[in-house]
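Worksheet: the structure to be examined is printed underneath.
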Amino acid sequence: MRYTKRGPLRFTSHRDFARAFERAIQRANVPIAYSQGFSPHPKISYASAAPTGVASEAEYLEIGLNATVDPVELMSALNAALSPGLDVIEAVEAPVGGLSLADRIEASRWRLELPGVSDDALAGAVKAFVAADEVLVERLTKQGRRTFDSRSAVLLIEAVSAPDGVGVGECAILDLVVRQVTPAVRPDDVLSGLRVVADLQLPLPPRATRLAQGTLTPQGEILDPLVADHGTALSSER
């Protein structure tokens, strides 16, 4: 399934969404399968969940069922039980023996809105970032502070102008494509990298939206991970 995090629901943590989704499954009477053992849990697998505070049009998960269901009816039932903003917009019956969802996700595309930053300032920072062979940043992890390269995972980084008449005040926009690596390079890591190479300061919190994630084509485009199964896929917009 493909689902979204929109509006205020972008502040929903992955753990909170997982609890909400399990409750939606129960309310919708979905014939969910459970694991074996002393502590059975519903068979739900999430792929590369977006960080808390980040909006997304392309989050993915897999569920195991005990019975075949109609994808349209499943989406409708789940959306009736989920809060608006957490919306299931595509469902696919996975083929037997096919690649797992996680194996189909190689990169993500992001849109970062930077209020209070001029187009020229962002363009200069992007130029410095692209020219660097390595941009080391630091992040606090569960294992303590970790330093890693934020440059090598970035496949595309570009400052783009907002359409005329859109938005109020100064707000630069960053178009970003990042390869899925370990440790994961997140949008805020790239912004930290821009600060390292060009001292780009953000006077206001950025607004990040994941636009797509999936398989990389030879042309550098990101292919929806469900596209191979579109013979059985059905989508719905709320």
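Here are a few things to note about the model shown:
- Residue within the range 190-212 that is of a type in the set (Ser, Thr, Tyr), under 30 Å from ARG2 (Cα atoms), part of a strand (DSSP E or B) and at pLDDT 95 or above present: yes
- Residue check for THR68: surrounded by fewer than 17 Cβ atoms within 10 Å (Cβ to Cβ), free of Cβ contacts under 8 Å to residues at least 12 places away in the same chain and either touching a strand residue (DSSP E or B) at 6+ places or on another chain (Cβ under 6 Å) or assigned to a loop (DSSP other than H, G, I, E, B) (or both): no
- For ALA77: the one exception among (1) open to solvent by less than 50 Å² (accessible area, probe 1.4 Å); (2) touching a strand residue (DSSP E or B) at 6+ places or on another chain (Cβ under 9 Å); (3) over 30 Å from VAL177 (Cα atoms): (2)
- The strands (runs of 3 or more DSSP E) located wholly in the range 83-168 that include 1 or more residues which are in contact with a helix residue (DSSP H, G or I) (Cβ under 7 Å, 6 or more places away or on another chain), surrounded by 14 or more Cβ atoms within 10 Å (Cβ to Cβ) and aromatic (Phe, Trp, Tyr) occupy 107-115.
- Residue pairs meeting the criteria (Cβ under 7 Å; at least 6 apart or on separate chains; first in contact (Cβ under 8 Å) with a residue 60 or more places away in the chain, in the range 129-150; second among the basic types (Lys, Arg) and open to solvent by less than 90 Å² (accessible area, probe 1.4 Å)): PHE129/ARG151; ALA132/ARG151; VAL135/ARG151
Residue-by-condition table, conditions (1) in a helix (DSSP H, G or I); (2) open to solvent by 40 Å² or more (accessible area, probe 1.4 Å); (3) at pLDDT below 95:
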{"position": "TYR3", "(1), (2), (3)": "no, no, no"}
{"position": "ARG10", "(1), (2), (3)": "yes, yes, yes"}
{"position": "PHE17", "(1), (2), (3)": "yes, no, yes"}
{"position": "ILE25", "(1), (2), (3)": "yes, no, no"}
{"position": "GLY37", "(1), (2), (3)": "no, yes, yes"}
{"position": "PRO40", "(1), (2), (3)": "no, yes, yes"}
{"position": "TYR46", "(1), (2), (3)": "no, yes, yes"}
{"position": "ALA49", "(1), (2), (3)": "no, yes, yes"}
{"position": "GLY53", "(1), (2), (3)": "no, no, yes"}
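- Among the residues of the range 92-131, those identified as within 17 Å of the chain's Cα centre (by Cα) and of a type in the set (A, V, I, L, M) are LEU101, ALA102, ILE105, ALA107, LEU112.
- All positions within the range 23-45 that are under 13 Å from LEU65 (Cα atoms) and not hydrophobic (A, V, I, L, M, F, W, C): GLN26, ASN29, PRO31, TYR34, SER35, HIS41, PRO42, LYS43, SER45
The values are calculated or read from the model by the stated rules, or taken from the named source; none is laboratory data. Computed from a predicted structure; not experimentally measured. Cβ coordinates were reconstructed from backbone atoms using ideal geometry, including for glycine residues, and neighbour counts include every protein chain displayed. Calculation scope for accessible area: heavy atoms of the full protein, side chains included, ligands and nucleic acids excluded. Shrake-Rupley method; radii C 1.70, N 1.55, O 1.52, S 1.80 Å.
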